[in-house]
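Participant: Can you keep this structure in mind? I'll have questions shortly.
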Amino acid sequence: MNKFEALGLKQTLLDAVADLGFENPSEVQEKAIPILLEGETDLVALAQTGTGKTAAFGFPLIQKLQAESRTTQGLILSPTRELCLQITNELKLYSKYEKGVNVVAIYGGASITEQAKQIKRGAQIVVATPGRMKDMIGRRLVDISKIDFCILDEADEMLNMGFFEDIKDILSNTPDEKSTWLFSATMPKEVSVIAKRFMHNPQEITVGAKNSGTDTVQHEYYVVGGRDRYPALKRLADANPDIFSVVFCRTKRDTQRVAEKLIEDGYNAGALHGDLSQNQRDLVMGSFRKKQIQMLVATDVAARGIDVDDITHVINYQLPDEIETYTHRSGRTGRAGKSGISMVIVTRSEMRKIHAIEKKIKRDFISKKIPTGIEICETQLYHLANKIKDTEINKDVENYLPAINEVLEGIDRDELIKKIVSVEFTRFSNYYNKSKDLNSSGPDRERGGDRDDRGGNSRGASSDGSIRYFINIGEKDGYDWMTLKDFLKDKLSLGRDDVFKVDTKDAFSFFNTEAEHTDAILAFFSDYKEDGRFINVEVSKSPEGGRGGGNRGRRRERSGSGGGSGRSGRSSGGGARRGDRNFSKSGASNSGRRRSSGGSSSSGNSSKKKSGFY
Ligand code: ADP
Ligand code: MG
């Protein structure tokens, strides 16, 4: 028996499940669906974003509806227009084999008369934002006095957004003898108030630990001087060429400013905040979904509707005031079973906030260093080499080959490679040439100094004396920092702590050992093949993967900040525009450089894969 069948779903819904490609129920679905199908009960379900809540309430709701009746029977309240539309679309897919089931979305910013018309035609399920719903009740455009089911989705976010009064109002227009199902990632006081006040002996289910961040998210912080936030942000982006991220700022003004600066500096960035028109926001979100925007700079409120599954990094450009907000931010990544990284740029004086968050989310942060210029250049170089290798040859190039061959005549392969790679690399290396260390090691060293310039350093030696290596396998080959570390320890017969600072990128990785192991390691990998492919290890030119690692730093630095693993098909989307970036500090206009602010064409790769779920 199919696992969904075992939960009690009827055949038409099982057919829809099959069409959606869901193979196994997620945890919240497994727990909620049988409870909701069985009797008439209230339910409080705590589950993070990306755990499949829509199906957890959607399927039971559809199964229990009277499709013959046109009366509105189910009301779903959800915080934003984007989520409303998303839920509505999902429910339509779930009910595609049901006859006569209508689902209507109600939200602000669109014609209220059009929405009223749709409801009048008979909608068994209404999916609404609280604001617009209250409005429509007030104007008697919708009747929810006979509903059997009321679902509060993302209840904590709705209350965070100040919808408490609206929700109270709306609920007071619903009958007493309905079932209420409340879904929320966290359980702050306001949510328990709603639960107490409007629900009758709700059953409670929890997926994962209460109030804790998802396990798939790694939390990292970077300590910088107050004035170095922006350069630090740029380096984090440059060190992760395939980044697909949301950058959180505290105010609309900062959001706009940071986005503008990024765009000016040639990044694929865009701004999302409340001062934009709905139309502008839709455009930005559209470009983000298509991955034309790699860095979406957003306020907390505006970001609430973001429903994109494969965000690799959340960057906290500034920390939020409320710890709860941090949970929401970091929950934007690591969704649908994928892993993600939540980075926080902090100043020394904000460190206590990090500790407060650690306590609250019951997860440790990893102390990381802003990459040095040399490290970034190196990452970019290998990224470029891999990009060249993976690039599909454009047939139209054929026509130009004779002429190009003529130009390039007499240059041998080695030299040609060097030249091709230099086209990109020189830009980075010029930009980062005299770059300084952005890591703040204490109030006495706020401005850093020029410690990046360790050009004269002999092979790969770090300030702690260890050696950093490059290895030509990475996440693409199925490794993450843990499995790569195990692989190396295994092959080299090293001890538990002998391999450290393992940093996996897409197609390559870095790691450190003490100098005493270097000769043995290089000897071992001088002629080592796996699956017929040479595994290559070299001493890295950039001395370290973060320096100054005191004991604490070292111990906690568990992992690589690579682009996040488990992403498929990204290489063509993200890094593809690296060459567009403007690395001249002056921002001199440069013809032929595409400076995308999002709306532009090309290279989107939005293929969504369901297979990676759980
Ligand atoms: P939540 O509301 O908890 O944030 P969603 O309901 O939006 O999560 O689901 C997140 C993503 O996971 C969606 O793309 C959805 O289609 C997908 N999904 C949900 N349940 C399953 C499942 N059982 N198997 C595979 N994918 C699923
Ligand atoms: Mg949801």
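The values are calculated or read from the model by the stated rules, or taken from the named source; none is laboratory data. Note that the structure is predicted; figures quoted are calculated from it, not measured. Note: ideal-geometry Cβ built from the backbone for every residue, glycine included; neighbour counts use all protein chains shown. To get the accessible areas, we keep the full protein, side chains included, count just its heavy atoms, and leave off ligands, DNA and RNA. Shrake-Rupley method; radii C 1.70, N 1.55, O 1.52, S 1.80 Å.
Participant: Using a 1.4 angstrom probe with every protein chain in place, what is the largest-first accessible-area order of V423, V217?
Facilitator: V423, V217
Participant: Follow-up question, since we're still on this one. Quick check: Cα centre of the range 137-175 to Cα centre of the range 393-409, how many Å?
Facilitator: 64 Å
Participant: Hey, another quick one. List residues of the range 322-353, by number, whose backbone nitrogen lies under 18 Å from a label position 7 Å along Cα→C-beta of L93.
Facilitator: 335-338
Participant: Let me ask something else. If you count only protein heavy atoms with a 1.4 Å probe, what accessible area per residue comes out for the range 176-290, rounded to a whole Å²? Show your work: numbers first, answer last.
Facilitator: Numbers: 4680 Å² over 115 residues.
For the range 176-290, the per-residue accessible area is 41 Å².
Participant: A further question follows. Check the range 117-260 and count each lysine pair with an alpha-carbon distance under 14 angstrom, considering only pairs eight or more places apart or from different chains.
Facilitator: On the way: K134/K168; K146/K178; K168/K196; K189/K210.
Qualifying lysine pairs in the range 117-260: 4.
Participant: Using a 1.4 Å probe on the protein heavy atoms, what percent of the accessible area of the range 337-449 belongs to carbon and sulfur? Spell out each step's value before the answer.
Facilitator: Numbers: 3690 of 6750 Å².
Within the range 337-449, the accessible surface is 55 percent carbon and sulfur.
Participant: Okay, moving on. For the range 150-204, give the percent of accessible area contributed by carbon and sulfur heavy atoms, probe 1.4 Å, rounded to a whole number.
Facilitator: Details: 1070 of 2410 Å².
For the range 150-204, the apolar C and S fraction of the accessible surface comes to 44 percent.
Participant: While we're here: Would you mind putting 23-32, 274-283, 191-200, 319-328 in packing order, based on average other-beta-carbon counts within 10 Å, highest first? Can you show the working numbers first?
Facilitator: On the way: 23-32: 20.5, 274-283: 13.8, 191-200: 15.8, 319-328: 18.8.
Final packing ranking: 23-32, 319-328, 191-200, 274-283.
Participant: Would you kindly state how much longer the chain becomes between D282 and D486 on full extension, computed as 0.36 nm times their sequence separation minus their alpha carbon distance, in nm to one decimal? Before the final figure, lay out each step's value.
Facilitator: Working: separation 204, 0.36 × 204 = 73.44 nm, distance 4.51 nm.
Result for the pair: 68.9 nm of gain on full extension.
Participant: Heavy-atom accessible area per residue, the range 347-438, 1.4 Å probe: how many Å²? If you can, show how the numbers build up before the last one.
Facilitator: Details: 6000 Å² over 92 residues.
That works out to 65 Å² per residue.
Participant: While we're here: Tell me the Kirkwood hydrodynamic radius of the range 105-193 in angstroms, computed as one over the mean inverse distance between distinct C-alpha pairs. Mind showing how you got there, number by number?
Facilitator: Numbers: mean 1/r = 0.0732 Å⁻¹.
For the range 105-193, inverting the mean 1/r across all distinct Cα pairs yields 13.7 Å.
Participant: Also, I was wondering about something else. By how many nm would the segment from A356 to A515 lengthen if fully extended, with 0.36 nm per residue of separation less the alpha-carbon distance?
Facilitator: Details: separation 159, 0.36 × 159 = 57.24 nm, distance 3.79 nm.
Result for the pair: 53.5 nm of gain on full extension.
Participant: With every protein chain kept in place and ligands, DNA and RNA left out, what is the accessible area per residue of the range 1-105? Probe 1.4 Å, answer in Å². Working shown, then result.
Facilitator: Working: 4100 Å² over 105 residues.
Value for the range 1-105: 39 Å² per residue.
Participant: With a ≥ b ≥ c the root eigenvalues of the C-alpha gyration tensor of the range 321-389, is it rounded (a/c under 1.5), prolate (a/b larger than b/c) or oblate?
Facilitator: Working: a/c = 3.43, a/b = 1.67, b/c = 2.05.
Oblate, since a/c reaches 1.5 and b/c is not below a/b.
Participant: In whole percent, how big is the carbon plus sulfur part of the accessible area of the range 14-76, probe 1.4 Å, protein atoms only? Don't skip to the end; give the middle numbers.
Facilitator: Numbers: 890 of 2160 Å².
That share works out to 41 percent.
Participant: Work out the charge dipole of the range 241-350 with +1 on the Cβ of Lys and Arg and -1 on the Cβ of Asp and Glu about the Cα centre, then indicate which of I293, S277, M343 is farthest towards its positive end.
Facilitator: Toward the positive end, the furthest listed residue is I293.
Participant: For Y431, Y94, what's the largest-to-smallest order of accessible area, 1.4 Å probe?
Facilitator: On the way: Y431 45, Y94 0 Å².
I get Y431, Y94, largest accessible area first.
Participant: Further question on the same structure: Going down the table (K368/K505; K389/K505; K418/K529), which pairs top 22 Å between alpha carbons? Please list the in-between numbers first.
Facilitator: Numbers: K368/K505 16 Å; K389/K505 16 Å; K418/K529 26 Å.
From K368/K505; K389/K505; K418/K529, over 22 Å: K418/K529.
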